[in-house]
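Single-structure report; data block below.
The values are calculated or read from the model by the stated rules, or taken from the named source; none is laboratory data. Source: prediction; values computed, not measured. Quick reminder, even Gly has a Cβ in these numbers, built from the backbone with ideal geometry, and neighbours come from all protein chains shown. The accessibility values were calculated without ligands, DNA or RNA, using every heavy atom of the protein model including side chains. Shrake-Rupley method; radii C 1.70, N 1.55, O 1.52, S 1.80 Å.
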Amino acid sequence: MNSLKTVIGFTLRTKLLTKSFIITTAILVVLISIGINLPYIISLFSKDEPVKIGVLSGSYTTIGESLSQAFNGQESKDLQIIVDPNATEEQLKTQLENEEINGYIKLEAAEGASPEAFPSAVYYANKDLGFTEQSAITSVLSVLKTKWVAKDALSDEQLAQLEQPVRFDTVNLKDSEDGPVSETDDMRKMVSTFVVLALIILFFMTNMMTGNMIAAEVTQEKSSRIMEILITSVSPLAQMFGKIIGMFVLGLIQIVVFLLAAFVNLMLPHNAAAFKDINFDISMIDPNVVLLGIVFFILGYFLYATLFAAVGSIVSRTEDLGQAIMPITMLSLAAFYIASFSVSAPDSMLVKISSFFPFFSPTTMLLRIGAGDYAAWEVIVSVAILIVSILACGWLSAKIYRTGVLMYGKRPSWKEIRKAMKAYKI
């Protein structure tokens with residue numbers, strides 16, 4: 001037990017103060033800060049001036065004025081429609097050249113259509129109109145066209161209803177029997193999904209960083225022949241599990257630094273105001289998602305860490321390490337991509353099957369917990385399979401580690417490893 005503590009302490013001291021760890025952590029903190037403040041940074045360099053569009057209405061003055069009222073009456077002033085019944089096309093072109101407007105819409109009768117038909121709209125500018133602005137103008141013109149066609153067949157009340165957006169609510173019969181899901185419930189669901197994504201990214205980053213550090217540490221000690229000295233005072237098993245636990249504590253320290261950086265940035269005035277605008281409350285975070293997320297994070301870490309340590313023990317040269325750990329890296333990438341690309345479909349068959357596969361369950365089962373539909377027995381079975389897999393991989397990795405740390409030269413074959421493993425008992 002004392003030797004295990006010694007290895008843990010030694011691993012922490014040597015890795016915590018290395019330049020690579022400090023620089024990597026600092027870079028990630030900077031990236032987190034930039035990511036959180038990116039909308040605010042973009043807003044500092046973006047122009048607050050709205051997009052101004054003139055209208056050459058001609059004989060369709062009513063349509064031009066209705067188009068202007070539809071946008072100028074909104075709270076958002078990102079798009080302004082300017083209507084001057086007396087303006088000519090030459091005047092609008094002059095305003096466009098002087099950058100007084102961004103472009104102008106010309107309302108004119110469609111070719112071959114009667115004068116009573118709704119006109120076509122053509123946008124003239126030196127730069128294409130943005131997709132958002134174009135969609136908004138098209139939507140308003142569609143409503144105006146409906147009113148234009150049905151002006152003699154519908155009452156004023158019916159015409160007013162055409163301008164009202166259609167209300168579409170969702171009722172989940174499993175979650176609610178009282179009626180439509182409230183905005184607060186939707187917000188909680190969105191927050192849970194965000195927490196799940198954050199945990200999945202955190203798991204992938206920590207798994208890859210600490211896993212590579214474990215494998216590299218073992219390989220470096222082996223290649224420099226330090227392992228021959230260490231093994232005389234500390235058993236190979238104490239070395240392996242001491243490194244795994246030490247790197248786990250190191251990863252937790254790094255996570256705490258990241259969370260503190262994120263918290264500090266989120267509490268900045270411009271970010272705090274944004275959370276206040278969307279009525280965010282910390283109580284919206286589902287504690288079950290956080291608790292189960294921590295459980296799957298820890299179990300997933302130890303599953304991958306034992307494999308990284310075992311692979312690192314059979315490699316004698318650091319330049320061969322990347323190729324050796326490639327299969328484990330691919331498993332970790334698959335777990336990350338299956339979960340991240342299935343956020344919009346958390347109840348798909350792929351996610352359900354993957355949530356019981358130990359190498360994928362730390363991310364996919366977490367996705368189902370936060371954004372999908374699941375039963376309690378599924379979580380219990382997934383955790384049980386993960387624990388059994390950790391014990392099996394830990395036993396196998398311990399045997400590989402014990403025999404591999406003293407096997408030098410070319411990378412041994414699986415036949416040679418299996419033969420050497422039979423000589424040792426765990």
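Just a few scattered comments:
- Entries of 5/243; 52/147; 15/243; 93/147 with Cα pairs more than 20 Å apart: 52/147; 93/147
- The residues 29, 289, 257, sorted by heavy-atom accessible surface at 1.4 Å with ligands and nucleic acids left out, run 257, 29, 289 from largest to smallest.
- Area accessible to solvent at residue 118, 1.4 Å probe radius, in Å²: 40 Å²
- The residues of region 280-352 expose, per residue, 46 Å² of accessible area to a 1.4 Å probe.
- Long-range amide H partners of residue 103 with built H, under 5 Å: 54
- Hz values of 3J(HN,Hα) by residue in region 203-216 - Karplus curve (6.51, -1.76, 1.60), Gly and Pro given as x: 5, 5, 5, 5, 4, 5, 5, 5, x, 5, 5, 5, 4, 5
- Put simply, when 139-145, 258-264 are sorted by average Cβ atoms within 10 angstrom per residue, most first, you get 139-145, 258-264.
- When 108, 65, 157 are compared by accessible area at a 1.4 angstrom probe, the order from most to least is 157, 65, 108.
- Computed lengthening from residue 13 to residue 253, 0.36 nm per intervening residue step minus Cα-Cα distance: 85.1 nm
- The candidates 240, 209, 190, arranged from most to least accessible area with a 1.4 Å probe in the full protein assembly, appear as 190, 209, 240.
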